[in-house]
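The values are calculated or read from the model by the stated rules, or taken from the named source; none is laboratory data. What you see is a predicted model, and the numbers here were worked out from it, not measured in a lab. Neighbour counts run over all protein chains shown; Cβ positions are idealised from the backbone, glycine included.
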Amino acid sequence: MSKNTILRSAFVAFCLIGMLVLPAAAAPAVQGTPAISNVEQGLRDDLWANHQQYRLQRFDMNVQQAESAITILGKYNIDTTACQVTLTTISGKRSALEAALSARDQAKLKTVNADLRTLWQQFKKEIRDAVRDHRGKGAATTLNALSSSGLETLSG
């Protein structure tokens with residue numbers, strides 16, 4: 001036998017062995033499946049815990065920003081009574097949000113998120129209305145001051 005024939009035979013032998021070994025190595029072993037499942041479950045648990053923590057922190061941050069906005073408006077004597085009532089309702093939803101996240105209850109989480117979305121929209125509208133009402137009162141006060149000082153006839 002020549003040197004080339006021996007090399008070809010060795011190459012073919014390695015290829016045949018590789019074809020037999022690779023599919024067996026690529027297929028998951030029955031004993032290895034629980035380990036993979038545990039890793040996947042652990043990964044899911046860690047990602048969910050991260051999501052839960054982030055979502056609650058974001059909720060708290062939004063409430064703090066809303067409280068700051070109410071404080072600022074209060075400094076300018078803008079009536080924020082309705083805004084405060086809505087914010088109190090929003091703050092009360094934290095426990096429901098936390099419970100839904102802890103239980104991983106997708107249906108409950110969807111309901112809580114929908115309620116919060118509606119309440120935040122209401123809060124934003126109440127803030128806009130409070131500022132708009134304050135502007136209207138400011139214009140009325142200015143008009144009253146003008147009329148009492150006799151300047152209204154000059155401007156009109």
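Just a few scattered comments:
- Taken over the range 39-69, residues that are in contact (Cβ under 8 Å) with a residue 24 or more places away in the chain and more than 20 Å from the chain's Cα centre (by Cα) amount to 1.
- Exactly one residue out of ARG132, ARG117, ARG104, ARG94 is modelled with pLDDT under 95 and under 30 Å from ARG44 (Cβ atoms): that is ARG104.
- Residue list for the range 26-59, filter: polar (S, T, N, Q), modelled with pLDDT of 65 or more and out of contact with any Ser or Thr (no Cβ under 8 Å at 6 or more places or on another chain): SER37, ASN38, GLN41, ASN50, GLN53, GLN57
- Members of the range 73-127 found to be within 24 Å of ALA49 (Cβ to Cβ), surrounded by fewer than 16 Cβ atoms within 10 Å (Cβ to Cβ) and among the hydrophobic types (A, V, I, L, M, F, W, C), listed by number: ALA96, ALA99, ALA103, ALA107, ALA114
- Scanning the range 68-88 for residues that are over 28 Å from ALA103 (Cβ atoms) and touching a helix residue (DSSP H, G or I) at 6+ places or on another chain (Cβ under 8 Å) yields a count of 11.
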